[in-house]
Amino acid sequence: MEPKMNDSVKRDAFAKPISVVLKDQDVDTDCGLNEDEVLKRRAQHGPNQLRAAEKKSEFVILAHQFKGVIVWLLVFAAGLSFYYRDIAEGSAIVVVLVINAAIGFFTELRAARSMEALARMSEFTTRVRRSGKVVSVDAHELVPGDIVLLEAGDVVTADLRLVQASNLQSDESVLTGESVPVVKQVDPVSPDAVIGDRTNMAFKGTAITQGTGEGVVTATGMATELGRINHLVQTAESGTSPLELRLDRLGHRLLWLTLVLAAVVIAAGILRGHEVAAMIQTGVALAVAAVPEGLPVVATLSLARGMWRMAQRNAVISNLSSVETLGATTVILTDKTGTLTENRMTVVRYLTSGADVDVSRVGETVQFETCAGKRDPHTNPQLDAVLRIGALCNICNRPKRKRDFGAFLTRRRVLTYVRPQDATSQMSRAPM
């Protein structure tokens, strides 16, 4: 049977009753899709992946380093120097160009590889019901009509119309910017509801923070709401950075200034009776000397230093000029009425009746510090009890891969502070 999938089904599922959505998707919640149907729908809709930005080749990254009027003035100046056999001047300019290109090339290449590594780390698995059995599949294997099972800690990997929700809440800050978890339900909502009001939907990229639920996949890949945002980002026109604009303006001014000065010197020399060829060479030498060879290197080094400093704070910049653009930003328009945060909670201080300990992190290394300096938290019985309780009242395990913590970053922070030998066995669980 051919699946009845069209754009209206994907976009309007939140306004329809569950029975209508399941009929549109041609699926039963108890059985899910069978393998033949999964293969058929995957062939029709493709893998559940966001379209990656066009990868820049090493040649493109290298060519980008020779962009700008100043650089081309230096190239022209080097050519003229070699033409008039001024080997020393020409060689000096070439060395400057090579150093400038090498710094920019390797810095941007390293950033590009970091972005690719981050993309590989963002792969998740999802629990689905297929042929009546619950199985775990890679997120990119999901197809419209799959029945997805959700629980606290899961990252939603496709757009879902919820069919069951038990105390279900999700963090949708990646889409709406709101840090407060959204309470989910299964009843239809208004056809005019915006994304933040579609409480019967779970969107790709959001995280389940509480409860359990089930949903039927209504959109995958670029057809999801996150995919639409991804498309807008990739198709947005990239303008010229403020620094590049200023350097280009400076380059044009230098070009006209050197041409005028060279013409004046050549004309004055000819009028005074000097040889035309000699005066032309003198004018060219003056024009070459007027070009600031060190300016591109200074600008590139400044931007590279900014990129390296941001990388130390876990911010990856893919383009050198973006560093200066960020620094030149004077106004940020945001709907956040409070404070801008990193959208994650981390333990920064433990305060008990007998201990006041500040917590700091350097990468994955945790440091506990009191007024007396750094110390082992387990030497303080009260602080040790707090850590032990935090580990026991925690539904996370220590996974093999860091990304498997899913939405429970805060609980992961607590587990990070607990020694492996403190592990215990769960005897029972009481709901709160």
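The values are calculated or read from the model by the stated rules, or taken from the named source; none is laboratory data. Predicted, not measured: the structure shown is a model, and the values here were computed from it. Here the Cβ is made from the backbone with ideal geometry for all residues, glycine too, and neighbour counts use every protein chain on show.
Going through region 193-206 one residue at a time, which ones are part of a strand (DSSP E or B) and either in contact with a helix residue (DSSP H, G or I) (Cβ under 8 Å, 6 or more places away or on another chain) or surrounded by fewer than 17 Cβ atoms within 10 Å (Cβ to Cβ) (or both)?
If the condition is that a residue be part of a strand (DSSP E or B) and either in contact with a helix residue (DSSP H, G or I) (Cβ under 8 Å, 6 or more places away or on another chain) or surrounded by fewer than 17 Cβ atoms within 10 Å (Cβ to Cβ) (or both), then M201 is the only one that fits.
What is the residue count in region 46-74 for residues that are surrounded by 15 or more Cβ atoms within 10 Å (Cβ to Cβ), out of contact with any Gly (no Cβ under 7 Å at 6 or more places or on another chain) and not in a loop (DSSP other than H, G, I, E, B)?
Within region 46-74, residues that are surrounded by 15 or more Cβ atoms within 10 Å (Cβ to Cβ), out of contact with any Gly (no Cβ under 7 Å at 6 or more places or on another chain) and not in a loop (DSSP other than H, G, I, E, B) number 5.
Can you pull out every residue in region 1-60 that is among the polar types (S, T, N, Q) and modelled with pLDDT under 75?
N6, S8
One line per residue, one yes/no per condition, for (1) over 23 Å from the mean Cα position of the chain (by Cα); (2) free of Cβ contacts under 8 Å to residues at least 24 places away in the same chain:
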{"residue": "G153", "(1), (2)": "no, no"}
{"residue": "V163", "(1), (2)": "yes, no"}
{"residue": "L168", "(1), (2)": "yes, no"}
{"residue": "E172", "(1), (2)": "no, no"}
{"residue": "V180", "(1), (2)": "no, yes"}
{"residue": "V186", "(1), (2)": "yes, no"}
{"residue": "S190", "(1), (2)": "yes, no"}
{"residue": "R198", "(1), (2)": "yes, no"}
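Spot the failing condition for V98; the list is (1) over 20 Å from A304 (Cβ atoms); (2) in a helix (DSSP H, G or I); (3) at pLDDT 85 or above, and only one is missed.
(1)
Have a look at S136, S166 and point out the one that is over 17 Å from V21 (Cβ atoms), assigned to a strand (DSSP E or B) and in contact with a Lys or Arg (Cβ under 8 Å, 6 or more places away or on another chain).
S136
Looking at (1) buried (at least 18 other Cβ atoms within 10 Å of the Cβ); (2) in a helix (DSSP H, G or I); (3) β-branched (V, I, T), which is the only condition V298 fails?
Going through (1) buried (at least 18 other Cβ atoms within 10 Å of the Cβ); (2) in a helix (DSSP H, G or I); (3) β-branched (V, I, T) one by one, V298 breaks only (1).
Can you confirm whether L175 is modelled with pLDDT under 90, under 25 Å from H45 (Cβ atoms) and assigned to a helix (DSSP H, G or I)?
So L175 fits the description; yes.
Taking the conditions exactly as written (acidic (D, E), outside the structural domain of V155 (by TED's automatic domain parsing) and either surrounded by fewer than 13 Cβ atoms within 10 Å (Cβ to Cβ) or touching a Lys or Arg at 6+ places or on another chain (Cβ under 9 Å) (or both)), does E225 satisfy them or not?
Considered against the rule, which asks whether it is acidic (D, E), outside the structural domain of V155 (by TED's automatic domain parsing) and either surrounded by fewer than 13 Cβ atoms within 10 Å (Cβ to Cβ) or touching a Lys or Arg at 6+ places or on another chain (Cβ under 9 Å) (or both), E225 comes out as no.
So G145 passes all but one of these: (1) at pLDDT below 85; (2) assigned to a loop (DSSP other than H, G, I, E, B). Which condition number does it fail?
In the conditions (1) at pLDDT below 85; (2) assigned to a loop (DSSP other than H, G, I, E, B), G145 misses (1) alone.
Six or more apart or on different chains, Cβ under 6 Å: which pairs go from a residue in region 83-111 that's closer than 20 Å to Q281 by Cα to one that's in a loop (DSSP other than H, G, I, E, B)? Could you list them?
Between residues of region 83-111 that are closer than 20 Å to Q281 by Cα and residues that are in a loop (DSSP other than H, G, I, E, B), the close pairs are I93/E293.
Sort out which residues of region 274-307 are more than 30 Å from S321 (Cβ to Cβ) and among the hydroxyl-bearing types (S, T, Y), and write them in order of number.
Answer for region 274-307, where residues must be more than 30 Å from S321 (Cβ to Cβ) and among the hydroxyl-bearing types (S, T, Y): just T282.
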